[in-house]
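The values are calculated or read from the model by the stated rules, or taken from the named source; none is laboratory data. Since we're looking at a predicted model, the values are computed, not measured. Don't worry about glycine lacking a Cβ; one is built from the backbone with ideal geometry, like all the others, and counts go over all protein chains shown. With ligands, DNA and RNA removed, areas are computed over all heavy atoms of the protein, side chains included. Shrake-Rupley method; radii C 1.70, N 1.55, O 1.52, S 1.80 Å.
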Amino acid sequence: MENIEFVEIEHKFLLEDDFDQQPFLQMVERLEPSGRSQVRVSDRYYLCESNPSHIYRHRLDQEIQHLTLKGLGKDSETRIEVNLDLGLHRGDQGDRVAAFLKPLGIQWSGVIEKDVWAYYFKNCEVVYYEAHFKEKSVRCIEIEATNCQTLDEAKATIANFEKKLGLNPTNRCGESLFHLLLLPEVNAQVNP
């Protein structure tokens, strides 16, 4: 059996600026999620010389604090994701994260702020968010498979939720938030 423990499997849908999230959120509520949260998230991304095919992210919000390693492939549908729980009880660990990554040769760092509405199901998370970096912003819906044993099961779970929510999988965006919001600045500063 394939091991997908450290694989993120999701579909992202970019939305127009005038998208009215309330009807969508009500539709998700009708699916009876087992949990929900609404949080403001601060994600500091690090690009390091020693590992240019991955990005590091320090996430901090009122519910979690993680250091994450993510793959930077051309399509974000399936990519490596390893989360280390830094615990909120220790306070903001941002300085320690930067010190930890410094020997890897930090080339660039930047922060994405997100307002997130997350809904949790047995094998899926449905998330609507508005993400901001400087003057740029995007609005997205993400469907991420969770607690699945195989890639096929994860993809079937995503397809099931897309159908329930009226999302066309051919309209999904393959780019990660890093590519959508940060890459132009990274290219200007790291590869002028």
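If V82 satisfies all but one of (1) surrounded by fewer than 18 Cβ atoms within 10 Å (Cβ to Cβ); (2) of a type in the set (V, I, T); (3) more than 30 Å from K155 (Cα to Cα), what's the number of the condition it fails?
Condition not satisfied by V82: (3).
Test each condition in (1) out of contact with any helix residue (DSSP H, G or I) (no Cβ under 7 Å at 6 or more places or on another chain); (2) not in a strand (DSSP E or B) for E81 and report the one that comes out false.
Status for E81: all satisfied but (2).
I'm trying to understand the selection: among the residues of the range 23-53, which are open to solvent by less than 50 Å² (accessible area, probe 1.4 Å), at pLDDT 95 or above and not hydrophobic (A, V, I, L, M, F, W, C)?
Listed by number, the residues that qualify are P33, G35, S37, S42, D43, Y45, Y46.
Give the range 143-183 a look and list any residue that's within 30 Å of L47 (Cβ to Cβ) and open to solvent by 70 Å² or more (accessible area, probe 1.4 Å), or say none.
K155, N171, E175
Checking E130 against (1) more than 20 Å from G71 (Cβ to Cβ); (2) without any contact (Cβ under 8 Å) to a residue 40 or more places away in the chain; (3) in a helix (DSSP H, G or I), only one condition comes out false. Which one?
(3)
So if I check each of G87, G94, G110, G71, which one is over 21 Å from I143 (Cβ atoms), among the small types (G, A, S), in contact (Cβ under 8 Å) with a residue 12 or more places away in the chain and out of contact with any Leu (no Cβ under 9 Å at 6 or more places or on another chain)?
G87
Can you find a residue in the range 101-117 that is within 30 Å of P23 (Cβ to Cβ), among the basic types (K, R) and over 17 Å from the mean Cα position of the chain (by Cα)?
Here is the first cut: in the range 101-117, the residues within 30 Å of P23 (Cβ to Cβ) are 112-117.
So of that shortlist, the ones also among the basic types (K, R) come out as 114.
Retained after the next criterion (residues that are over 17 Å from the mean Cα position of the chain (by Cα)): none.
The answer is no; no qualifying residue exists.
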